[in-house]
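What follows is a short report on a single structure.
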Amino acid sequence: MRKLLSFIFISSISSTLFAQTGKVSDNLSMQSKILKMDRKYAVYLPPDYETSQRSYPVLYLLHGYTDNQTGWVQFGEIMHIADAAIKSGKATAMIIVMPDADTGIPGYVNDAKGEWRYEDFFFQEFMPYIEKTYRIRPDKHYRAVAGLSMGGGGSFYFALHHPELFSSACPLSAATDAAILDSLTNFRYTKGITGKAREDYYKNYDVLSLIETMPDDQKKAVRWYIDCGDDDFLFEGNSLVHIAMRKKEIPHEFRIRDGVHNWVYWRSALPEVLEFVSMAFHQ
């Protein structure tokens with residue numbers, strides 16, 4: 001009888017641990033002085049976050065145009081995919097943070113006049129707030145950025161502007177030219193700016209220009225994983241980035257898979273992203 005009770009007790013504990021899942025909150029907010037408003041974000045906490053005292057690596061996961069911080073939660077199935085990757089050993093336990101970049105002027109950039117400074121907000125306010133609020137290891141080796149479409153562009157900008165802060169960057173179906181997004185927002189990034197000033201602004205958010213001017217000693221500063229569907233309308237831009245990186249001898253992984261610009265494709269890409277960033281976290 002005692003052996004039977006012990007067996008039942010152990011089995012119960014094992015079942016509880018096996019059934020343990022991560023936790024997602026998608027309506028959190030913080031106050032921004034730079035943007036003069038509250039900013040929302042979503043966060044995924046790994047299955048053992050509540051029961052451990054350890055600190056975790058972090059992945060900043062950026063949404064696309066017309067989405068917000070709930071995109072990767074609602075359509076990207078972040079909790080299911082991250083839980084499965086962690087339980088299988090494909091990915092290490094990590095915190096995944098998804099900021100809203102749809103409120104105000106959509107995008108992950110500062111505008112040309114400095115009146116809307118989303119990129120400054122991200123690095124000066126949002127990232128420090130997140131890494132103080134959660135048990136995150138505040139070190140380049142344990143920090144990564146990824147995103148889709150507009151967020152893929154954001155992944156490029158953030159890692160190219162701040163290679164000292166990210167171990168890995170994973171742009172998916174990325175918008176590589178800020179001028180395209182500027183036109184979609186009725187040129188709100190460059191309102192009132194013309195001529196060379198506008199050209200210089202676009203160069204600061206043009207992936208090909210940033211790659212061309214990358215210092216040689218920064219070539220290996222970030223591990224790159226670039227992924228785009230073969231029938232995606234952004235296929236050409238991502239292919240040109242791949243070619244430019246090859247010419248510049250910047251190490252990177254480049255994937256062209258069967259697919260279009262949709263959530264089916266990005267959900268299929270996410271497990272590979274989690275595995276790729278985990279490899280850097282373990283180095």
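In this simple spin-label model, placing a label point 7 Å from the Cα along the Cα-to-Cβ direction at both Phe254 and Asp38 gives a separation of 4.5 nm.
Model label sites at His80 and Tyr134, defined 7 Å from Cα along the beta-carbon direction, differ in position by 2.1 nm. Our estimate of slack between Glu212 and Arg246, defined as 0.36 nm per intervening residue step minus the Cα-Cα distance, is 11.1 nm. Taking every DSSP beta bridge that has both ends in the chain, the antiparallel portion is near 40%.
To the nearest ten degrees, helix 2-19 and the longest principal axis of the Cα atoms of the chain are 10 degrees apart. The residues packed around Ser183, meaning those with a beta-carbon under 13 Å from its beta-carbon, carry a net charge of +1 if Lys and Arg are +1 and Asp and Glu are -1. Once the Cβ-Cβ distance of Leu28 and Thr185 is raised to the sixth power relative to R0 = 25 Å, the FRET efficiency obtained is 0.50. Rolling a 1.4 Å probe over the protein heavy atoms of the chain, with every protein chain left in place, gives an accessible area that is 54 percent carbon and sulfur. 3J(HN,Hα) along region 269-283, derived from phi through the Karplus expression 6.51 cos²θ - 1.76 cosθ + 1.60 where θ = phi - 60°, amounts to 7, 4, x, 5, 4, 4, 5, 5, 5, 5, 4, 6, 4, 8, 6 Hz, with x in place of Gly and Pro. Each residue of region 199-213 was assigned a 3J(HN,Hα) from its phi angle through the Karplus curve 6.51 cos²θ - 1.76 cosθ + 1.60 (θ = phi - 60°); the sequence is 4, 5, 4, 4, 4, 5, 10, 10, 4, 4, 5, 5, 5, 4, 9 Hz, with glycine and proline shown as x. Against the chain, whose longest principal axis is taken from its Cα atoms, helix 235-248 shows a tilt of about 90°.
Against the chain, whose longest principal axis comes from its Cα atoms, helix 150-161 is set at around 80 degrees.
In a fully extended conformation the segment linking Trp263 and Phe123 would gain 47.6 nm over its present Cα-Cα distance, using 0.36 nm per residue.
Straight-line cross-link partners of Lys247 among the aspartates and glutamates, defined as a Cα under 14 Å from its Cα and at least 8 positions apart when in the same chain: Glu212, Asp216. In this structure, the pairs whose alpha-carbon distance is over 27 Å, taken from Lys33/Lys132; Lys33/Lys248; Lys87/Lys220; Lys36/Lys220; Lys33/Lys220, are Lys33/Lys248; Lys87/Lys220; Lys36/Lys220; Lys33/Lys220. Keeping all protein chains in place, calculate the accessible area per residue for the chain (probe 1.4 angstrom), answer in Å². About 47 Å² of surface per residue is accessible.
The values are calculated or read from the model by the stated rules, or taken from the named source; none is laboratory data. Note that the structure is predicted; figures quoted are calculated from it, not measured. Every residue, glycine as well, gets a Cβ built from its backbone with ideal geometry; the counts of neighbours run over all protein chains shown. These area figures cover heavy atoms from the full protein model, side chains too; ligands, DNA and RNA do not enter into them. Shrake-Rupley method; radii C 1.70, N 1.55, O 1.52, S 1.80 Å.
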